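Heads up: the structure comes next, in structure tokens.
What follows is calculated from the coordinates using simple rules that are stated; it is not laboratory data. These numbers come from a predicted model, not from an experiment. For neighbour counting, all protein chains shown are included, and Cβ atoms are generated from backbone atoms with ideal geometry for every residue, glycine included.
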Amino acid sequence: MERDKGEFTRRWDEESKVFWHLTAASCAHVVEEYLWPGGFLESAKEVAPEAFKNASLPIIVGVNASMIAGCVFGSIMRKKDPSYGLSMAGLLFFNALLHLGASLKAGKYVPGLVTGLTLYVPLAVKAFSAYRRSERYRLSTALRSAAQGVALHAVPFVAFAVRAAAQKRKGEP
């Protein structure tokens, strides 16, 4: 028996609210990384000194603000084009894996690990699962969105490189 489009639409409207939950999770994640217990930037520099040597608090604040704004945008656009929210779900899922890897490498807790594993992973899985059940599902969209999420994780490192180049131009160490 075939489901009518109205049922699919109502179900997607309800299930796609997960993108708002991802937005809230990203806010909680930033709190864990920088406010309580905080210390992410110091941990990152300890675990991956070369990757984070040109990191700065203003860049990190901008990157995290952009991440939260991206999640909000994905939530708003979820009915029109779920790829935005799915890309953010992919970014957050990948971020959780990076926190896990960093914690394993350091042999200790790295701020962001708890929200990454307890919020990002299940919510990202739920977002992709909800999309998979929607009438608009396209494998190509799901794969592209996941890849975009991983690629978006390069943004802070591009910003670090730009900062390093600017410092070099000014003759700063």
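Quick notes on this one:
- On Cα atoms only, tilt of 18-30 relative to the major axis of the chain in degrees: 20 degrees
- Rounded tilt (10° steps) of 83-106 against the dominant C-alpha axis of the chain: 40 degrees
- Given 16 as the ceiling on other Cβ atoms within 10 Å, longest exposed-site-free region of the chain for GluC sites (Glu not before Pro) in DSSP loops: 3-134
- Within the chain, helix-based [θ] at 222 nm, where runs of 4 or more DSSP H residues each add -39,500 (n - 2.57), nearest 500: -23000 deg cm²/dmol
- Among the chymotrypsin sites (Phe, Trp or Tyr not before Pro) in the stretch 91-149, those placed in a DSSP loop whose Cβ has at most 16 other Cβ atoms within 10 Å are Tyr109, Tyr137.
- For the stretch 5-170, relative contact order (Cα pairs under 8 Å, six or more residues apart, normalised by length) works out to 33 percent.
- Going through [x] 47, 39, 34; [y] 68, 35, 23; [z] 43, 36, 33, the figure that equals Cα extents along the principal axes in Å as computed for the structure here is [y].
- Helix 155-170 vs. the chain, principal-axis angle (Cα, 0 to 90°, nearest 10): 30 degrees
- Nonlocal Lys pairs with alpha-carbon distance under 26 Å, the chain (8 or more apart, or different chains): 18
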